[in-house]
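Contents: one structure, followed by commentary.
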Amino acid sequence: MLPSVYAPKDFKRLRASGDLVARCFDFISPYVVAGISTGEIDRLVAQFLKENGARSSDLGYMGYPKNVCTSVNEVVCHGIPSDDVILKDGDIVNVDLTAEFHGFHGDASRMFMIGNVSKQARELVQTCQDALNAAIAVCAPGVPLSEIGKTIEAVVKPHGFSIVRDFVGHGIGKVMHDEPQIYHFYDKKYDNIKMVPGLVFTIEPMINTGTYKCVIDEKDGWTTRTADGGLSAQWEHTLGITEDGVIIFTEKMLHD
Ligand code: MF3
Ligand code: CO
Ligand code: CO
């Protein structure tokens, strides 16, 4: 039995955590423009989470020093917010936000395009979002986990972009990272693991314009860049398998 299988009452909590993450993105979005530092984005996230009774799942995780990850251009993931990193026209930046609210984690990331962005960068960002959405669309009880990677490959390959192999999606719920690992490329060992109602996990493809290979910054131990300096994009949602399909937790709830 996979550990990240949750009961319906837990799905209510996961829905609330995911809603909070989505609303935090709405809160920061107007500020994510040329001239802001990623350090300021971090402070905005911290402020929103505090005001809403939540906490950053990242802060202190394995010694991670900030509330959110901000990954600019060739940074694949785990970019550490800094007052010295100022967003400028033409940049693409991923903001990856994980929050704990009433004991449950929600994890999502989005791309922001700053001002006039190159055609290639726009295609990369759009293809990555399309890949995530296509992968979500195949999720349902009984579907092998390998369908996720298969679907992402089918969307990404025609564009000639590469899929990062060093980082995976993950089970999530009462802890941020749990089994199973979710591969963003086809792996036949996942043909035999089937989605079941209650399974909660992320899909978070990272795709690059050049090589899929990544290098971790030796100085900070976190910042992960493309090995060739090419651009990288990522989108992420937290999902739950229901009796008849899939629910995206990290979208805003429609309040009554
Ligand atoms: N949000 C990341 C993920 O998608 C995890 C961040 S790890 C941290 O799994 F160290 F930066 F906190
Ligand atoms: Co994340
Ligand atoms: Co994640």
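Results, tabulated for the structure shown:
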quantity: Residue ID - surrounded by the most Cβ atoms within 10 Å (Cβ to Cβ), chosen from residues in segment 185-215 that are more than 15 Å from GLY240 (Cα to Cα) and within 12 Å of ligand 1 (Cβ to nearest atom); calculated: PRO205
quantity: Residue within segment 50-58 that is in contact (Cβ under 8 Å) with a residue 12 or more places away in the chain and in contact with a His (Cβ under 7 Å, 6 or more places away or on another chain) present; calculated: yes
quantity: In segment 152-167, residue nearest to ligand 1 (Cβ to nearest atom) [restricted to those that are among the charged types (D, E, K, R) and part of a helix (DSSP H, G or I)]; calculated: GLU153
quantity: Strands (runs of 3 or more DSSP E) lying entirely in segment 168-256 (those with 1 or more residues that are within 15 Å of ligand 2 (Cβ to nearest atom) and of a type in the set (S, T, N, Q)); calculated: 178-182, 200-203, 224-226, 232-234, 237-241
quantity: Residue, farthest from ligand 3 (Cβ to nearest atom), within segment 82-117, restricted to residues that are more than 21 Å from TYR31 (Cα to Cα) and not charged (D, E, K, R); calculated: HIS102
quantity: Enumeration of residues in segment 209-256 that are under 18 Å from the mean Cα position of the chain (by Cα) and hydroxyl-bearing (Ser, Thr, Tyr); calculated: TYR212, THR223, THR224, THR226, SER232, THR238, THR250
quantity: Residue check for MET113: under 17 Å from the mean Cα position of the chain (by Cα) and within 16 Å of ligand 2 (Cβ to nearest atom); calculated: no
quantity: Residue within segment 165-172 that is touching a helix residue (DSSP H, G or I) at 6+ places or on another chain (Cβ under 6 Å), within 16 Å of ligand 3 (Cβ to nearest atom), modelled with pLDDT of 95 or more and among the aliphatic types (A, V, I, L, M) present; calculated: no
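The values are calculated or read from the model by the stated rules, or taken from the named source; none is laboratory data. In this text the structure is predicted, and so the values were computed from the model without any measurement. Note that each Cβ is placed from the backbone with ideal geometry, even for glycine, and that neighbours are counted across all protein chains shown.
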